[in-house]
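For reference, the structure discussed in these notes is given below.
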Amino acid sequence: MLDKDGYVSETNATNIFLVKKGRVLTPHADYCLPGITRATIIELVVKEKFELVERRISLSEFHAADEVSCCFSIESIYMEYF
């Protein structure tokens with residue numbers, strides 16, 4: 001999905017990352033839900049000393065990426081009544 005200016009913000013249900021020349025890029029969370037899994041991936045990227053860049057990313061940059069990855073969280077909710 002694109003933001004109001006035409007940059008990639010997320011997919012219809014996931015956060016998105018790309019890898020290009022050893023750098024991990026992800027869109028700012030201005031126009032998407034900053035998910036828990038996204039935050040965890042960002043923490044791991046930094047911990048492992050990869051270069052992380054959060055910025056506006058064009059669709060053509062995703063087409064030219066070395067790798068593209070999406071992430072999301074699923075949690076089951078169980079309701080019990082006593």
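Assorted remarks:
- Two-site label geometry, ASN12 and THR40: point separation in nm, points 7 Å out along Cα→Cβ: 2.5
- Rounded to the nearest 10 degrees, the inclination of helix 36-47 to the longest alpha-carbon principal axis of the chain is 50 degrees.
- Check: the chain dipole with +1 on Lys, Arg Cβ and -1 on Asp, Glu Cβ, in debye: 300
- Theoretical gain in end-to-end length, LYS4 to PHE50 [0.36 nm per residue, Cα-Cα removed]: 13.6 nm
- Evaluating kT/(6 pi eta Rh) at 10 °C and 1.306 mPa s, with the Kirkwood radius of the chain over Cα pairs in the Stokes-Einstein relation, gives 116 µm² s⁻¹.
Values in this text are rule-based calculations from the coordinates and carry no lab data. Model, not experiment: these values are computed from the prediction. Don't worry about glycine lacking a Cβ; one is built from the backbone with ideal geometry, like all the others, and counts go over all protein chains shown.
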